[in-house]
Amino acid sequence: MVFKSIKWRLLLWMTCLLTMILTGLGIAVYEIHLANRIGQLDEELRRRVAVLGVTLYAPPMPSTDNRQPGPPGDNFGPPGDHSRPPPPPEGFSGEPPNHNSPPSDSPPPDKPALRDAQFPAGISSLFEEHDTNGFYFVIWKREATGPLKKSASAPARMTRPQPGEHDTGTYTRTRGAFREAFHATERGDCVLVGRVLAPELADARRFAGLLLLGGISLLALILTGAWWLIGRALQP
């Protein structure tokens, strides 16, 4: 019989050994490749979270006033207007307002409030509204029950991440077919940026196919050489 031949038994043993070695090596290379792709995506997500957070919480730009100062002592009206300043409003007591005690519902001076999410063109380009595989964002305010603002490409149902108390780090998570990074601010607001994992998974499948094809080709090449060597070694 065939399997009673020393040549076939040696070839079968070598085939099993090489198959296990190549399979283990291929799985390790595949996992490293997929981890690198997801790591690159995480870097992009963290970068967009940082840019979005800075944009939202940056203090508004001071308004420019093109009026030229009038004569000394006259800070009212356009140039050359020497009219007297307008009368004080009704109920004015004559004492300057106290700016040192902000209202209880206003944020501390060193922590600007969450601005309305109106992004400049450079920020809006980071989130393609009509790209199904593009980046999306969701913003939750501390007191709000639902999202304060989110991009049009964001999933319909979004759950707010729940980091630890006073935890302001940036973290990543995989939620179904999405990869997301989120950051909780000191005020309790939350900024999340995500993207669908389809491009990375498709690339991983192509890479796995190449690994399989390369492994089969390498195994066939090695077994062909082993068949010839075993035949030469077993000759009288």
## Note on the structure
FRET efficiency for VAL54 and THR174 from the Cβ-Cβ distance with R0 = 30 Å, rounded to 0.05, comes out at 0.70
### Efficiency of FRET between LEU18 and GLU44 - r from beta-carbon atoms, R0 25 angstrom, step 0.05
0.05
### Summary
Length gained, VAL29-TRP8, 0.36 nm per residue minus C-alpha separation, equals 4.5 nm
### Query
Amide H to amide H under 5 Å from PHE135: which residues, 5+ apart in sequence or cross-chain, H placed 1.01 Å off N in plane?
GLU128
### Task
Quick one, can you get me the convex hull of the C-alpha atoms of the range 141-236 expressed as volume per residue in Å³?
133
### Candidate residues GLU44, GLU143, GLU200: accessible-area rank, largest first, probe 1.4 Å
GLU143, GLU44, GLU200
### Task
Calculate, for the range 138-236, the solvent-accessible area per residue in square angstrom, rolling a 1.4 angstrom probe over the heavy atoms of the protein chains.
60
### Query
How large is ³J(HN,Hα) for each residue in the range 25-38, as worked out from phi by the Karplus curve 6.51 cos²θ - 1.76 cosθ + 1.60 (θ = phi - 60°), to whole Hz, x for Gly and Pro?
5, x, 5, 5, 5, 5, 5, 5, 5, 5, 5, 5, 5, 5
### Query
Which trypsin sites (Lys or Arg not before Pro) does the range 134-236 hold that lie in a coil by DSSP with at most 10 other beta carbons within 10 Å?
ARG157
#### Entry: Approximate spin-label separation ASN36-ARG157, in nm, with each point projected 7 Å along Cα-to-Cβ
3.7
### Task
Could you please put MET158, MET20 in sequence from largest to smallest accessible area, using a 1.4 Å probe?
MET20, MET158
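The values are calculated or read from the model by the stated rules, or taken from the named source; none is laboratory data. Just so it is clear, the model here is predicted, and its values are computed rather than measured. With ideal geometry, Cβ positions are generated from the backbone for all residues, glycine too; neighbour counts draw on all protein chains shown. Just the protein is used for accessible areas: all its heavy atoms, side chains included, with ligands, DNA and RNA removed. Shrake-Rupley method; radii C 1.70, N 1.55, O 1.52, S 1.80 Å.
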